[in-house]
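The values are calculated or read from the model by the stated rules, or taken from the named source; none is laboratory data. Keep in mind that what you see is a predicted model, and the values were worked out from it rather than measured. Here the Cβ is made from the backbone with ideal geometry for all residues, glycine too, and neighbour counts use every protein chain on show.
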Amino acid sequence: MRILRRTDDDYADRLRELATPSSLFDQGVEERARGIITRVAAEGDVALSEFAERFDGVHISPAHLAVSPAEIFNASIKADKELRDAVNFAGRNVSNFAKKSRRKNWSAKNSHGASVGEKFDPYQRVGIYIPGGSAPLVSTCLMTITLAKEAGCEEIVVCTPPDKDGGVNAAVLFAARHAGATEVYKVGGAQAIASMALGTETIKPVQKIFGPGNAFVVAAKRLLFGRVSIDLLPGPSECLILADDSANPKFIAADMLAQAEHGSGEERVWLITTSLKVLNSVEKELGRQIGECSRREYIQRALDKNGWLINVIDLQHGIELTNQLAPEHCEVMVKNKKLAVDSIRTAGAIFVGPLTPTVLGDYVAGPSHTLPTGGAGKAFSGLTVDQFQRRTAVVEYNSISVKKALPTVQKFAEIEGLDAHGRSAGLRCGIEKKASAKKKASKNVAAKKPASKPAKKVAAKKTARNGVKASSGKAKRNGVTAKKSAGRKPASKSRKR
């Protein structure tokens with residue numbers, strides 16, 4: 001556990017340590033994940049079997065990678081009433097929340113009078129990763145598969161690590177089938193992501209992959225982005241608690257321990273508080289409460305590596321630090337709750353007040369607990385049902401609206417030098433037909449004109465015509481003059497007086 005008080009001489013230097021990258025961006029992890037992906041791409045099911053033996057310690061032949069109907073039936077029998085009730089209760093909240101946030105088709109008229117809008121279709125085949133290992137996450141089945149079902153996905157593929165007996169945890173299997181999984185495979189880690197993205201002899205490729213996982217799972221998702229659509233980058237759990245002197249140290253310590261117990265050792269927990277008294281009390285509470293936890297070895301490892309107790313000068317500084325860290329979960333235990341909630345803009349989820357621990361979001365509240373980690377909250381939001389839907393724009397013009405749009409289209413086509421663009425729209429308005437008709441008429445007129453004569457003959461004739469005209473004109477003018485002269489009477493020599 002690292003303790004940082006604002007009175008420490010090296011406060012500023014140690015504060016910069018908080019900006020160190022998480023395990024999600026470890027180059028060594030990424031290279032190992034890349035090697036796993038390459039093997040799966042080349043060897044398919046054989047590679048999956050070898051990785052199960054190497055990483056999970058069990059032998060699973062390619063023929064047994066898929067969970068059988070008998071295994072699903074047995075898991076259902078083993079599910080007791082308490083498990084069924086818990087799954088039903090939490091599932092209803094998750095389902096209702098998903099229904100309210102599902103996208104709906106819409107349409108409107110644009111400035112031309114054309115119909116424009118969007119339609120939302122579910123992905124037909126999706127893949128969901130459910131972490132296993134030391135803590136089989138039954139709740140993650142509800143927080144992911146339920147959303148796929150509510151979105152209308154027809155094929156919901158689940159991959160989860162096998163247990164020590166080569167099967168799938170019965171509670172996980174029951175919850176997965178209850179939530180809507182149509183296929184379940186005993187495959188974990190980066191190899192599970194690779195198999196769903198690339199496909200193998202047994203597992204057909206999916207369109208999009210969802211779900212949290214360890215650093216290797218996240219690295220594989222990042223490396224395969226583009227080959228398949230990816231939801232976000234949810235890695236090892238994180239929890240940041242922003243507190244002032246009104247906060248209860250017992251609550252704070254309990255919540256930090258809860259998020260540090262998952263077992264990867266890469267979990268990150270922070271307390272950011274304006275109160276030195278609260279900080280000191282939380283330190284004592286952590287030491288006391290950890291002794292009561294069954295997974296204290298996992299917790300201690302996470303606290304030693306990524307546990308922080310930080311004292312800040314005021315709430316505003318605490319909020320700035322929170323936004324810098326972009327935690328997966330952020331608990332707000334301060335008097336001015338509204339200011340804090342309004343100002344925190346990078347957290348995956350915010351839990352407001354002393355009676356709203358993160359575990360309520362983990363299990364039952366309704367929003368999915370699949371959230372961005374490792375600082376990815378600055379660019380990603382948490383998992384929502386609309387991420388299981390494809391958005392498609394729909395546009396329809398008619399004869400009137402396309403004519404209104406034509407001048408603008410033609411101007412852009414002219415500026416960009418893309419004349420075929422302008423012609424494409426012009427055809428709809430009959431412009432090409434008019435141009436063709438005009439061109440044809442011009443040809444017909446040209447065809448009716450007499451054939452041209454040699455230039456010399458034309459010039460000679462023209463000269464002759466001009467000469468004839470000039471002579472006749474001159475004679476004519478002279479004749480007129482003579483006639484006029486002949487018709488005149490001679491001037492009288494005497495005048496009347």
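So here's what we get for this one:
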{"quantity": "Hits in the stretch 176-226 - residues which are surrounded by fewer than 24 Cβ atoms within 10 Å (Cβ to Cβ) and charged (D, E, K, R)", "calculated": "Arg177, Glu183, Glu201, Lys204, Lys208, Arg222"}
{"quantity": "In the stretch 51-73, the residues that are exposed (fewer than 15 other Cβ atoms within 10 Å of the Cβ), in a helix (DSSP H, G or I) and of a type outside the set (Lys, Arg)", "calculated": "Glu53, Ala63, Pro69, Ala70, Phe73"}
{"quantity": "All positions within the stretch 178-203 that are closer than 18 Å to Ala75 by Cα and out of contact with any Ser or Thr (no Cβ under 9 Å at 6 or more places or on another chain)", "calculated": "Ala181, Thr182, Glu183"}
{"quantity": "Residues located in the stretch 104-125, provided they are assigned to a loop (DSSP other than H, G, I, E, B), surrounded by 17 or more Cβ atoms within 10 Å (Cβ to Cβ) and either of a type in the set (Val, Ile, Thr) or under 18 Å from the mean Cα position of the chain (by Cα) (or both)", "calculated": "Tyr123"}
{"quantity": "Inter-residue pairs, beta-carbon under 6 Å, first in contact (Cβ under 8 Å) with a residue 60 or more places away in the chain and in the stretch 151-164, second of a type in the set (Asp, Glu), 6+ apart", "calculated": "Pro161/Asp56; Pro162/Asp56"}
{"quantity": "Enumeration of residues in the stretch 275-303 that are in contact with a strand residue (DSSP E or B) (Cβ under 9 Å, 6 or more places away or on another chain) and touching a residue at least 60 places away in the same chain (Cβ under 8 Å)", "calculated": "Leu276, Leu279, Glu283, Leu286, Leu303"}
{"quantity": "Matching entry among Ala340, Ala326, Ala349 (being touching a Pro at 6+ places or on another chain (Cβ under 7 Å) and under 27 Å from Phe97 (Cβ atoms))", "calculated": "Ala349"}
{"quantity": "Test: residue in the stretch 267-276 that is buried (at least 23 other Cβ atoms within 10 Å of the Cβ), of a type in the set (D, E, K, R) and within 25 Å of Arg5 (Cα to Cα)", "calculated": "yes"}
{"quantity": "Residue that is touching a helix residue (DSSP H, G or I) at 6+ places or on another chain (Cβ under 8 Å), of a type in the set (S, T, N, Q) and either within 15 Å of Glu328 (Cβ to Cβ) or surrounded by fewer than 19 Cβ atoms within 10 Å (Cβ to Cβ) (or both), where the choices are Ser281, Ser246, Ser294", "calculated": "Ser281"}
{"quantity": "Subset of the stretch 322-352 (residues that are surrounded by fewer than 19 Cβ atoms within 10 Å (Cβ to Cβ), over 26 Å from the mean Cα position of the chain (by Cα) and within 24 Å of Pro236 (Cα to Cα))", "calculated": "Val352"}
{"quantity": "Odd one out for Asp165, checked against (1) of a type outside the set (A, V, I, L, M); (2) in contact with a strand residue (DSSP E or B) (Cβ under 7 Å, 6 or more places away or on another chain); (3) surrounded by fewer than 21 Cβ atoms within 10 Å (Cβ to Cβ); (4) more than 30 Å from Ser401 (Cβ to Cβ)", "calculated": "(2)"}
{"quantity": "Flag if Lys100 is at pLDDT 95 or above and of a type in the set (D, E, K, R)", "calculated": "no"}
{"quantity": "Cβ pairs under 7 Å, 6+ apart, first in the stretch 181-201 and within 18 Å of Leu223 (Cα to Cα), second in a strand (DSSP E or B) and among the aromatic types (Phe, Trp, Tyr)", "calculated": "Ala192/Tyr129; Ile193/Tyr129"}
{"quantity": "In the stretch 297-310, the residues that are over 33 Å from the mean Cα position of the chain (by Cα), closer than 12 Å to Ser264 by Cβ and surrounded by fewer than 22 Cβ atoms within 10 Å (Cβ to Cβ)", "calculated": "Tyr298, Arg301"}
{"quantity": "Any hit, the stretch 159-177, residues being more than 22 Å from Ala86 (Cα to Cα), at pLDDT 95 or above and either β-branched (Val, Ile, Thr) or in a strand (DSSP E or B) (or both)", "calculated": "yes"}
{"quantity": "Matching entry among Thr370, Thr392, Thr358 (being surrounded by fewer than 19 Cβ atoms within 10 Å (Cβ to Cβ), among the β-branched types (Val, Ile, Thr) and touching a residue at least 24 places away in the same chain (Cβ under 8 Å))", "calculated": "Thr392"}
{"quantity": "Those strands (runs of 3 or more DSSP E) lying entirely in the stretch 202-316 with at least 2 residues out of contact with any Cys (no Cβ under 6 Å at 6 or more places or on another chain) and closer than 30 Å to Ala148 by Cα", "calculated": "208-210, 238-243"}
{"quantity": "Of residues in the stretch 227-243 being modelled with pLDDT of 95 or more and of a type in the set (Gly, Ala, Ser), the one surrounded by the most Cβ atoms within 10 Å (Cβ to Cβ)", "calculated": "Ala243"}
